[in-house]
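The values are calculated or read from the model by the stated rules, or taken from the named source; none is laboratory data. Note that the structure is a prediction, hence the values are computed from the model and not measured. Don't worry about glycine lacking a Cβ; one is built from the backbone with ideal geometry, like all the others, and counts go over all protein chains shown.
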Amino acid sequence: MAISVKLQAFEGPLDLLLHLIEKNKVDIYDIPIVEITAQYLDYIKAMETEDMNIMSEFLVMAATLLEIKCKMLLPREVNEEGEEEDPRAELVQKLLEYKMYKYMSYELKDRQMDAALTLFKGKTLPKEVEDYNPPVDMETLIGDASLAKLQELFKMVMKRQEDKIDPVRSKFGQIEKDEVDMDIKTSYVEDYILSHRTFSFRELLEKQKSKMEIIVTFLVILEMMKVGKISIAQEDIFEDIIITSCI
């Protein structure tokens, strides 16, 4: 009877490599590339995932390890300063950066958990204290103000409000937002392509009723050209663009 083994989940290929280095207790600056590569490939074979995006990341790292392993068997390259270059140097730098960010994330998580433990004391003031309003001395509040001074102050404030009004912009009407539905415009362009097959780009744009419709139509044409639904041709720089359906 086969014994099922549950593998530890890793955030990515660098996380797996860092785990193997710490597990084997080796110096990150002097990675035994042959041994680490063999263990890495064993983990890849045992992984069970249907997500090719995730699996492709691990396979790219496997290819990188095999490349470094091959370079380790060859004579070392010498840089401009006459020093031998270590094929593992770039990988070591990436591992160090990943390790730093990983432990920084642990620190931030601990701080978040500590912040969740912060408690606040609720209000305990008696209702009589909360409802208390200090008495207002009207004579102290008004001071030497008079009706004439208040009227003068009112006129001054109203004058400032009038000065804020732009005599030109205030006569402008309300600008309405021109909204164009991207899906509806896409369906319109697709129907136009099916009915015309080959047509002028200028003619299509001239049928639009506003600048926004022209812009959206232009974006739809770019997207269709990107996915291969149409092809475009132009005989000369200033000639009209001819669109042909590929559907």
Which condition number in (1) outside any helix (DSSP H, G or I); (2) at pLDDT 80 or above is the one that T64 fails? (1)
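Checking the conditions here, which among E203, E213 is among the charged types (D, E, K, R), in contact with an Asp or Glu (Cβ under 9 Å, 6 or more places away or on another chain) and surrounded by 14 or more Cβ atoms within 10 Å (Cβ to Cβ)?
Step by step, each of E203, E213 is checked, and only E213 is among the charged types (D, E, K, R), in contact with an Asp or Glu (Cβ under 9 Å, 6 or more places away or on another chain) and surrounded by 14 or more Cβ atoms within 10 Å (Cβ to Cβ).
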Looking at this structure, is Q161 polar (S, T, N, Q) and modelled with pLDDT of 80 or more? no
Anything in region 224-237 that is exposed (fewer than 13 other Cβ atoms within 10 Å of the Cβ) and part of a helix (DSSP H, G or I)? List them, or say none. K226, V227
Sole exception among (1) touching a residue at least 40 places away in the same chain (Cβ under 8 Å); (2) surrounded by 15 or more Cβ atoms within 10 Å (Cβ to Cβ) for V220, by number: (1)
L20 versus (1) outside any helix (DSSP H, G or I); (2) modelled with pLDDT of 85 or more: which is the lone unmet condition? (1)
Positions within region 81-102 being free of Cβ contacts under 8 Å to residues at least 60 places away in the same chain and part of a helix (DSSP H, G or I), in sequence order: A89, E90, Q93, E97, M100, Y101
Among the residues of region 192-217, count how many are free of Cβ contacts under 8 Å to residues at least 12 places away in the same chain and hydroxyl-bearing (S, T, Y). 1
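Can you tell me which of K45, K25 is at pLDDT 85 or above, among the charged types (D, E, K, R) and loosely packed, with under 11 Cβ neighbours inside 10 Å?
Checking each option against the conditions leaves just K25.
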From the list I68, I36, I31, which one is among the aliphatic types (A, V, I, L, M), farther than 15 Å from G12 by Cα and touching a residue at least 60 places away in the same chain (Cβ under 8 Å)? I31
